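Reviewing the structure listed below.
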Amino acid sequence: MAQACNAPTPRDTLYRDGRGSVFRFRPPVTTGWEDEGPGERPTSHVPVLLVPSMLHQWYVLDLCEGGSVAAALSNGTPWDTYCFDWGVPEDEDRYVEWDDIVHRLDRAIRFVQRSTGSKKVALVGYSMGATLAAIYAALRPDGVAALVNIAGPIDFSKSGKLGTMIDPRWFDAEAMASAGNISAQQMQAGFLALRPNHAISSWVRAMDELHDADARAATAALEAWANDTIPFPAAAYVTYIQELYQQNRLIRGEHYVRGERVDLARITCPHLCVVADRDGVCPAESTTALNTFTRSDVKDVLTIPGGHVGAVTGAEAATELYPRLVAWLARHAMRTLPSAPESRL
């Protein structure tokens, strides 16, 4: 499996929900509390939960040594760092609805709350995971201390090439999903269509890195992850494409989860939008649209070099993203109340 050469940060699986699971990344052994159980670490900050995209494997956030959001957030930081792995859908998951997806995230967040005794959690979402984190924050604002949107679309009318590719004039989501889950091969074909020159650029990069062993290892890890594509549940796919991309219901206030309207104006926690200056998947204006609709006092934007994936895994991420992300969370993810809520979606 490709995952064997990725995901280097030590972690423990603490919770399983169907195909999904919640990891807690282990703190460095030099801290003196590495043998303690969940929730036993004294900290003035709320726990941090990474919410990856469902469109690819989670470990893009823990790609390799020196290229890991997970390592940056768990190494020497004053909070516990968790990650929700959505898992790999199987054929029988074709009937999993979008509402079920959001509900799974809700259960994962409530597990982290119970485990740590914290009413609030800081959510760090990436790509589609950031969209889901924002939806959750709008539905359950009392449970979110801070929200980080890393390259996640909010205004789907500004979706760039991807929006053009799935324009309803020539793209029928129901037809695509009529035979079952969107397969890994179909997902991969879509990603490659966004980057038709990827193979050539990979060859050129390989020549540039010929004498740099670390760069070659990082590139190999990235290519392994990019080729480790997973299916997407058919029913949820139809809602995601139609209601969000094609009808842009999220910012119109017309998106519902289990009958409850998703109102972005209910988000009042500090939030940070991280945009990549060469992102061909999620243009900056799609991500920063979050600032227009929330009622938060803190609405920060961080622009970093790179593309949609390179911004979180590339050589510059260690200096441009990781320390700034840690510093922002340190300021805005302080613990407030000790008891966990009982709210459910």
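No value in this document is a laboratory result; all are computed from the given coordinates. No experiment lies behind these values; they were computed from the predicted model shown. As a convention, Cβ positions derive from the backbone with ideal geometry for all residues, glycine included, and neighbour counts pool all protein chains shown.
Using θ = phi - 60° in the Karplus curve 6.51 cos²θ - 1.76 cosθ + 1.60, the 3J(HN,Hα) couplings for segment 100-113 round to 5, 4, 5, 5, 4, 5, 4, 5, 5, 5, 5, 5, 4, 4 Hz; x is entered for Gly and Pro.
Applying 1/(1 + (r/R0)^6) with R0 = 25 Å to the Cβ-Cβ distance of Glu254 and Asp300 gives a FRET efficiency near 0.35.
Apply 1/(1 + (r/R0)^6) to the Cβ-Cβ distance of Ser157 and Tyr95, taking R0 = 35 Å, and write down the FRET efficiency to the nearest 0.05. Plugging the Cβ-Cβ distance into 1/(1 + (r/R0)^6) gives 0.75.
Cβ-to-Cβ counts within 10 Å put Ser157, Ser53, Ser118, Ser44 in ascending order as Ser44, Ser157, Ser53, Ser118, the fewest first. Residue exposure proxy: Ser159, Ser68, ordered by other Cβ atoms within 10 angstrom of their Cβ from fewest to most, comes out as Ser159, Ser68.
The loop-placed chymotrypsin sites (Phe, Trp or Tyr not before Pro) in segment 71-173, going by DSSP, that have at most 16 neighbouring Cβ atoms within 10 Å of their Cβ come out as Trp170, Phe171.
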